[in-house]
Amino acid sequence: MLGGWQKAGSVLPAVYVFDTSSEAIVALQAAFPQVHAASLEEIASQALVFIGLHPPVMNETLAKIAPHLRADTVLVSLAPKLRLPTLQAQLGGFARLARLNPNATSIIARGFNPIAFAEGLPEEARAAILSMLKPLGPAPVVSDELIETCAVISAMGPTYFWFQFDTLRELAEGFGMSPEFAREALRNMLHGAIDTLFASELSPQRVMDLVPVRPLAAEEDSIRAMLRERVGGIHTKLNS
């Protein structure tokens, strides 16, 4: 998110960060000079607080910051599993809450960042958050119950394909393409392929029939089964 705002030319105020890893703080400060290390209590007393922790350690952290939240603070959780009613209960009734599902591609200001708002968050605060997120890419407002599905599909989605794209790049260079031409060819091919499948009026089967040769045809059913099993398993775990 910081990288995306930087790329978009957004002017950010001072950013205060708490992390148990000093190395993580140093790395952030090296990339973003507006980042300052702070205590957990100092972080909780800011006007806007992002909390990005794995669910197992969220509860104890919420208990620590609850007494330090200001009446006008907005707390945005980046974590799956803990939905808005649970967050509100853990924070002693604090209701100025949102859940954001950040997307890695926000780092180039091309993200897709679904967000859910608690009923207790006023409209002006919601508008301010959406305005802040706009430079990072679309931030559709979704139901609290949909955040976990977005995590599996849009947030984790790139990881299902990036290594395959990079393997094609390696092959292209091995076959004689220059690194620059390989990147150009793959970038244009991938953008076009995605738009043909999802932004045209053609059916998926018609799209997949456009190329008469499908070298991976024998493995397609196995790959589909693997995706259904692994991604379905993650989705079930996040919603359990």
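Taken together, the values in this text are just the output of simple stated rules run on the coordinates, not laboratory data. Here the structure is a predicted model, which means the values were calculated and not measured. Cβ coordinates were reconstructed from backbone atoms using ideal geometry, including for glycine residues, and neighbour counts include every protein chain displayed.
Observations on the model:
- Per-residue HN-Hα couplings for segment 97-106 [Karplus 6.51, -1.76, 1.60; θ = phi - 60°; Hz; x = Gly/Pro]: 10, 8, 10, 10, 10, x, 10, 4, 6, 4
- Amide H contacts under 5 Å for Ala109, placed H, 5+ residues apart: Gly4
- Dipole-positive endmost among Gln29, Val49, Leu186 within the chain (Cβ charges, Cα centre): Val49
- Rough spin-label spacing in nm, given labels placed 7 Å along Cα→Cβ, for Ile223 and Glu124: 5.2
- Annotation: amide H of Phe50 within the under-5 Å range of Val76, sequence separation 5 or more or interchain, hydrogens built in the peptide plane.
- Sequence of Arg214, Arg126 once ranked by neighbouring C-beta atoms within 10 Å, starting from the fewest: Arg214, Arg126
- Packing, taken as the mean count of other beta carbons within 10 Å per residue, orders the peptides 20-31, 61-72, 85-96 from highest to lowest as 85-96, 61-72, 20-31.
- Sequence-distant residues sharing a close amide H with Val17 (under 5 Å, placed H): His36, Ala37, Ala38
- Helix 123-133 and the longest principal axis of the Cα set of the chain meet at an angle near 50°.
- Most mobile of Ile194, Ile43, Ile153 in a GNM of the chain (Cα contacts under 10 Å): Ile194
- Cα-based Kirkwood hydrodynamic radius, segment 172-240, one decimal, Å: 15.0
- Cross-link partners of Lys81 among lysines, defined as those whose alpha carbon lies under 28 angstrom from its own and excluding same-chain residues fewer than eight positions apart: Lys64, Lys134, Lys237.
- Calculated from backbone phi, Karplus (6.51, -1.76, 1.60) coupling profile of segment 37-46 in Hz, x at Gly/Pro: 6, 8, 7, 4, 5, 5, 4, 5, 8, 7
- In order along segment 52-63, the phi-based Karplus estimate (6.51 cos²θ - 1.76 cosθ + 1.60, θ = phi - 60°) of 3J(HN,Hα) comes to x, 10, 5, x, x, 9, 5, 4, 5, 6, 4, 5 Hz; Gly and Pro are listed as x.
- Rounded tilt (10° steps) of 179-198 against the dominant C-alpha axis of the chain: 80
- Angle between the chain longest axis and helix 22-31 axis [Cα atoms, degrees, rounded to 10]: 70
- Taking packing as the residue-averaged number of other Cβ atoms within 10 angstrom, the listed peptides 201-210, 140-149 run from highest to lowest as 140-149, 201-210.
- Sequence-distant contacts, meaning Cα pairs under 8 Å at least 6 residues apart, place the relative contact order of the chain at 15 percent.
- D_trans [Stokes-Einstein, Kirkwood Rh over alpha-carbon pairs] for the chain, 37 °C, 0.692 mPa s, µm² s⁻¹: 160
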